[in-house]
Amino acid sequence: MTQADLAKRVKVDPSAVSFWETGETAPPHPTLIDVVTALGISMAEFYGDAPADEPVEMVAPADTTVKFL
């Protein structure tokens, strides 16, 4: 997936994705949820806390709306 593809899926400007990749900025938490969903990974995988080949249970608070793209 390209930066432009990810930007389109999470509804941000492509330059924002570039800034995230270089560490200049970080996405706000609601956008980060959209990013990991678009990438098909868990927050733990995103932060390097779990290997990608091991299942990770993702639990959201009851009042959280999770959008699947």
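Would you work out which of THR22, ILE33, GLY48 lies farthest towards the positive end of the dipole of the stretch 1-50, given +1 charges on the beta-carbon of Lys and Arg and -1 on that of Asp and Glu, about the Cα centre? With unit charges placed on the Cβ atoms, the residue in question is ILE33. Model label points for LYS8 and PHE46, set 7 angstrom from Cα along the Cα-to-Cβ axis, are 2.1 nm apart.
Readers should treat all values here as calculations from the given coordinates under stated rules, not as data from a laboratory. Bear in mind that the values here come from a model prediction, so they are computed numbers and not experimental data. Heads up, the Cβs are rebuilt from the backbone with ideal geometry, glycines too, and the neighbour counts pull from every protein chain shown.
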